[in-house]
Amino acid sequence: MKYHLLLTAAATGFALAVPAQAQDLSGFRIEARGAWEKAGVEASLPNPDDDESETGDEFLTASDDDSDISYGLELGYDVQVGRGFVLGAYAGADLSNSEVCGELLADDLACAGLDRTFTLGARAGVPLGERSLLYVKGGYSNGKFEGTYDADVTDNDDEEPGVIEEFSKTHGGYHLGGGVELGLTRSLYAKLEYVYTDYGSRTYRLASMDDEAPGAELSSDRHQVVAGIGLKF
């Protein structure tokens with residue numbers, strides 16, 4: 001019995017003397033995300049009263065922004081390289097209700113809203129303690145925009161109002177950001193990050209435009225403050 005007690009005490013003392021090994025941050029992860037966002041849209045339209053005797057086309061422009069809430073999911077896989085570096089890849093999707101409306105010509109109204117965004121990217125970071133991570137991220141974004149254009153809002157109450165044109169297109173661009181991921185347990189984590197997205201620009205042709213006139217151009221970007229909660233596997 002004495003030898004058994006001595007061996008048990010020795011094993012316990014050895015275990016306490018050896019430093020605990022830091023948790024490896026490698027593995028799959030899945031998270032739910034919610035964000036406050038500020039989406040901006042800029043539209044330009046050929047001026048129908050442009051002086052044809054002058055060189056070049058004259059455009060009318062309007063821009064505005066809208067703040068709203070978006071929500072989505074992200075899947076990822078991380079690999080810890082040594083004790084001080086983490087590399088990862090991810091794919092995500094989110095839904096948004098941001099919409100901007102503005103006047104380009106007298107009595108017209110153009111509206112454009114962000115519907116959904118798909119993302120694909122990579123991240124790199126440094127561990128903070130045993131379970132947390134400070135990181136930067138970036139990659140490709142694809143946003144779907146839906147909009148309307150009413151050439152004359154003054155006839156909307158008439159018996160035969162004018163046609164309101166509708167359009168839907170995707171914009172491909174990029175996103176950049178960074179944040180901190182806090183390990184709550186060995187498998188549960190929470191995060192806070194900032195992400196900027198540039199969706200680039202697309203050209204739209206409206207039925208009311210002359211065939212030889214350049215199309216209307218729509219460009220957009222987005223700022224997000226994102227909070228998330230996820231699981232590691």
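The values are calculated or read from the model by the stated rules, or taken from the named source; none is laboratory data. The shown structure was predicted, so the numbers you read here are calculated from the model rather than taken from an experiment. No Cβ is skipped: glycine too gets one built from the backbone with ideal geometry, and neighbour counts run over all protein chains shown.
Considering segment 11-53 alone, what residues qualify as being among the hydroxyl-bearing types (Ser, Thr, Tyr) and either modelled with pLDDT of 55 or more or in contact with a Ser or Thr (Cβ under 8 Å, 6 or more places away or on another chain) (or both)?
First, the residues of segment 11-53 that are among the hydroxyl-bearing types (Ser, Thr, Tyr): 12, 26, 44, 53.
Across segment 11-53, the qualifying residues are Ser26, Ser44.
Answer yes or no: is there a residue in segment 169-187 that is more than 30 Å from Ile30 (Cα to Cα) and of a type in the set (Val, Ile, Thr). I'd like the intermediate steps shown before the answer.
Within segment 169-187, the subset more than 30 Å from Ile30 (Cα to Cα) is none.
Looking for residues that are more than 30 Å from Ile30 (Cα to Cα) and of a type in the set (Val, Ile, Thr), one finds none in segment 169-187, hence no.
Report, by residue number, each residue of segment 116-155 that is charged (D, E, K, R) and touching a Leu at 6+ places or on another chain (Cβ under 7 Å). Walk me through how you get there before you give the answer.
Filtering segment 116-155 for residues charged (D, E, K, R) gives 116, 123, 130-131, 137, 144, 146, 150, 152, 155.
Listed by number, the residues that qualify are Arg116, Asp150.
Determine which member of the set Leu114, Leu104 is closer than 22 Å to Leu45 by Cα, at pLDDT below 80 and out of contact with any helix residue (DSSP H, G or I) (no Cβ under 8 Å at 6 or more places or on another chain). Please lay out each step first, then the result.
Numbers: Leu114 fails: at pLDDT below 80.
So the residue among Leu114, Leu104 that is closer than 22 Å to Leu45 by Cα, at pLDDT below 80 and out of contact with any helix residue (DSSP H, G or I) (no Cβ under 8 Å at 6 or more places or on another chain) is Leu104.
Residues checked against (1) surrounded by 14 or more Cβ atoms within 10 Å (Cβ to Cβ); (2) of a type in the set (A, V, I, L, M):
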residue	(1), (2)
Thr119	yes, no
Ala124	yes, yes
Thr154	no, no
Asp158	no, no
Glu166	no, no
Leu176	yes, yes
Gly200	yes, no
Gly228	yes, no
Lys232	yes, no
Requested in this report: Test Thr197 against the stated conditions and say whether it is β-branched (Val, Ile, Thr) and either touching a residue at least 24 places away in the same chain (Cβ under 8 Å) or more than 22 Å from Ser63 (Cβ to Cβ) (or both).
Outcome: yes
Report task. Among the numbered conditions (1) of a type outside the set (Lys, Arg); (2) touching a Leu at 6+ places or on another chain (Cβ under 7 Å); (3) crowded, with 16+ Cβ neighbours inside 10 Å, tell me where Val81 comes up short. Result -> (3)
